[in-house]
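The next block holds one structure in the form of structure tokens; read it before the comments.
The values are calculated or read from the model by the stated rules, or taken from the named source; none is laboratory data. The model shown is predicted, which means the values in this text are computed figures rather than measured ones. So basically every Cβ, Gly included, is an ideal-geometry build from the backbone, and we count neighbours across all protein chains shown.
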Amino acid sequence: MSALFTPVRIGPVEAANRVVISPMCMYAAEEGTASDFHIQHVMRFAMSGAGLAVLEATGVTPEGRISPACLGLWSDENERALARVVSSAKRWGLPNAKLGIQLCHAGRKGSTPLPWERGGPLTPEKGAWTTLAPSAIPFGPNEPAPRELTDVEIRDIIRAFAESAKRAARAGFDVIEMHAAHGYLIHQFHSPLSNKRTDDWGGDEERRLRFPLAVAEAIRAATPDHVALGARITGTDFAEGGLTVEDGARLARELKARGFHYVCVSSGNIVAGGRPATGPNFNLERAAQVKRESGIVTRTVGFIAGPRAAEEAVASGAVDQVALARAFLDDPNWAIHAAETLGASWAVSRHYGRVGQGAWPGASVSRAWP
Ligand SMILES: Cc1cc2nc3c(=O)[nH]c(=O)nc-3n(C[C@H](O)[C@H](O)[C@H](O)COP(=O)(O)O)c2cc1C
């Protein structure tokens, strides 16, 4: 009996198992609008056997995107395209596959070139914009300085998160995830390393939490009850004077008190070069502590060392869900193969049904080739 392949309730949503496809930027959107790439990419995930797939960091405003080719959700056109991605995946994918979207504002980490065009900052010809942040401190020594946000702009961004949440719910997503990690805007407000404000939005921890929690409250108020709400949070800044796992646990408790249903505990990326060498399952201990200290449904992510490590993370009670990113780019059927490895029942899309019928040479599942 596999613990990984038992259902889990995330507020109003039940996922068929505890395997989650972690959000991954795909740099395939145009003006924030999902393309044909996303239809196929998300379809693969909807056929993957994972209980939930969370789509990539999606900008709530144009300058909230990480790169010019990142998804956005600020316009009717963005919404229409994502609704089509969701409806195709639900129409043709596995019937119980749940879909989420990660809402993000990149702050000072926006305006980046595409991964395959790196080698300097994004140029104006390629669509560079002035980034915005709690304080005018660049991410690293070679990065452009952001402009400090005004109080009015901060309130506009909070409203933009709420508007995008409404759009995400209308587009048919089951889950909305607030990106409060990886050094993006919400994390920039939370961490003392990037927030040096002296007004109501900075200072002690309570003030640095004001923006993250205001965004959470705005998303909560904008989201219908049938959609589950979660956040990717940071378990450590991996930097002197930065956030620790206790800060992560506190944020998790505050989110739970505001009607959020889960957290995914990641780490790092708030300052350039701020992550030490990491080994297998490197965020698991911190996620387990956040779960113990908050009682919210908790997910680990990062270097999960295969199906048995994922199984152990859940069976031990340390966490409720395990998210994987690169494993699903490498093997879009990772969850089906993991279920098979762990002796759990599995199903493929009925369109691919013949994979499980009878023996055929080269099959990667033992049921098909005894
Ligand atoms: C191509 C790629 C894009 C990513 N984009 C995002 C993203 O949009 N949002 C996010 O929270 N994490 C993003 N990540 C981080 C992953 O979600 C995950 O936390 C990280 O890759 C560690 O998990 P893994 O070892 O299973 O790959 C990305 C990772 C990759 C490889």
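Among the listed residues T123, T131, identify the single one that is under 26 Å from G273 (Cα atoms), in contact (Cβ under 8 Å) with a residue 40 or more places away in the chain and β-branched (V, I, T).
So the residue among T123, T131 that is under 26 Å from G273 (Cα atoms), in contact (Cβ under 8 Å) with a residue 40 or more places away in the chain and β-branched (V, I, T) is T131.
This table checks each residue for (1) within 23 Å of G268 (Cβ to Cβ); (2) over 18 Å from the mean Cα position of the chain (by Cα).
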| position | (1), (2) |
| --- | --- |
| I158 | no, yes |
| A168 | no, no |
| P192 | yes, yes |
| T198 | no, yes |
| P212 | yes, no |
| A221 | no, yes |
| R232 | yes, no |
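Only residues that are in contact with a helix residue (DSSP H, G or I) (Cβ under 6 Å, 6 or more places away or on another chain), free of Cβ contacts under 8 Å to residues at least 60 places away in the same chain and over 22 Å from V245 (Cα atoms): list them for the stretch 285-333, please.
A327
Can you work out which of the residues in the stretch 169-201 that are acidic (D, E) and more than 21 Å from E153 (Cα to Cα) is farthest from the ligand (Cβ to nearest atom)?
For the stretch 169-201, the residue satisfying everything is D174.
Of these, E77, E117, which one is touching a residue at least 40 places away in the same chain (Cβ under 8 Å) and either out of contact with any helix residue (DSSP H, G or I) (no Cβ under 7 Å at 6 or more places or on another chain) or under 24 Å from V322 (Cα atoms) (or both)?
Exactly one of E77, E117 is touching a residue at least 40 places away in the same chain (Cβ under 8 Å) and either out of contact with any helix residue (DSSP H, G or I) (no Cβ under 7 Å at 6 or more places or on another chain) or under 24 Å from V322 (Cα atoms) (or both), namely E77.
With respect to S48, determine if the residue is within 26 Å of H187 (Cα to Cα) and hydroxyl-bearing (S, T, Y).
Here the answer is no, as S48 does not meet what is asked.
Quick one: how many residues across the stretch 317-336 are more than 15 Å from the ligand (Cβ to nearest atom) and over 18 Å from the mean Cα position of the chain (by Cα)?
Here the count works out to 4.
So how many residues does the stretch 91-111 have that are surrounded by 18 or more Cβ atoms within 10 Å (Cβ to Cβ) and more than 12 Å from the ligand (Cβ to nearest atom)?
Summing the residues that are surrounded by 18 or more Cβ atoms within 10 Å (Cβ to Cβ) and more than 12 Å from the ligand (Cβ to nearest atom) in the stretch 91-111 gives 10.
Of these, V301, V314, V265, V297, which one is within 11 Å of the ligand (Cβ to nearest atom) and within 20 Å of A16 (Cβ to Cβ)?
Exactly one of V301, V314, V265, V297 is within 11 Å of the ligand (Cβ to nearest atom) and within 20 Å of A16 (Cβ to Cβ), namely V301.
Which condition does R292 not pass, out of (1) within 16 Å of A16 (Cβ to Cβ); (2) away from the ligand (no atom under 12 Å from the Cβ), if it passes all the others?
(1)
If you take the residues of the stretch 200-249 that are of a type in the set (D, E) and more than 25 Å from E163 (Cα to Cα), which of them is modelled with the lowest pLDDT? Walk me through it before giving the result.
If we filter the stretch 200-249 for residues that are of a type in the set (D, E), which is where we start, we get 200, 204-206, 217, 225, 237, 240, 246-247.
When the remaining residues are screened for being more than 25 Å from E163 (Cα to Cα), the result is 204-206, 237, 240, 246-247.
Numbers: D204: 98, E205: 97, E206: 98, D237: 97, E240: 94, E246: 98, D247: 98.
Filtering the stretch 200-249 for residues that are of a type in the set (D, E) and more than 25 Å from E163 (Cα to Cα), the one modelled with the lowest pLDDT comes out as E240.
Which pairs do you get when a residue that is within 18 Å of L132 (Cβ to Cβ), found in the stretch 158-173, comes within reach of a residue that is among the aromatic types (F, W, Y) and assigned to a helix (DSSP H, G or I), reach meaning Cβ atoms under 9 angstrom, with the pair 6+ apart or on two chains?
The qualifying pairs are I158/F211.
Please specify each residue of the stretch 58-78 satisfying the condition of being within 18 Å of W116 (Cβ to Cβ) and either within 12 Å of the ligand (Cβ to nearest atom) or small (G, A, S) (or both). Break it down stepwise before answering.
Of the residues in the stretch 58-78, the ones within 18 Å of W116 (Cβ to Cβ) are 65-71.
Scanning the stretch 58-78 gives R65, I66, S67, A69, C70, L71.
I need the full set of residues from the stretch 16-50 which are more than 16 Å from the chain's Cα centre (by Cα) and closer than 22 Å to A318 by Cβ, in order please.
Residues satisfying the conditions are A16, N17.
Answer with yes or no whether A339 is out of contact with any Phe, Trp or Tyr (no Cβ under 8 Å at 6 or more places or on another chain) and more than 10 Å from the ligand (Cβ to nearest atom).
No: the conditions fail for A339.
If you scan the stretch 244-282, which residues turn out to be touching a Phe, Trp or Tyr at 6+ places or on another chain (Cβ under 8 Å) and closer than 19 Å to S316 by Cα?
Once the filter is applied, which keeps residues that are touching a Phe, Trp or Tyr at 6+ places or on another chain (Cβ under 8 Å) and closer than 19 Å to S316 by Cα, the stretch 244-282 yields P280, N281, F282.
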